[in-house]
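To keep things clear, I will list the structure first and then write my remarks on it.
Bear in mind these aren't lab numbers, they're just calculated from the coordinates by the rules spelled out. In this text, all values refer to a predicted model and were calculated from it rather than measured experimentally. In this analysis, Cβ positions are derived from the backbone assuming ideal geometry, glycine residues included, and neighbour counts consider all displayed protein chains.
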Amino acid sequence: MTLDTDGETMTRHLLLLTLVLAIAWPGIVFFLLTLAIGIVALHTKINFLVLIFGMMLSASLLSVALSRTAMRRVTFARSSR
């Protein structure tokens, strides 16, 4: 991490780190539920559970991709008063 005179690079890196690590409790519960269903689906080989596991996995990947795409367009500026 390099530091500019105004600290813009450090601020940008910290903002990206915050965006990467911000996971809400419902997201953690969804991930754990997906993991549990995946383990049960692979162990029992029930086709319906494999289908549900695939749908949950694709929903989480789609959510990550769409949120990253939306956040790339967000800009902000600090106003001086």
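So the values come out like this:
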| read-out | value |
| --- | --- |
| Peptide ranges 71-77, 33-39 listed from the most packed, as the mean C-beta count within 10 angstrom indicates | 33-39, 71-77 |
| Length gained when the stretch H43-S63 is fully extended (0.36 nm per residue, less Cα-Cα span) | 4.5 nm |
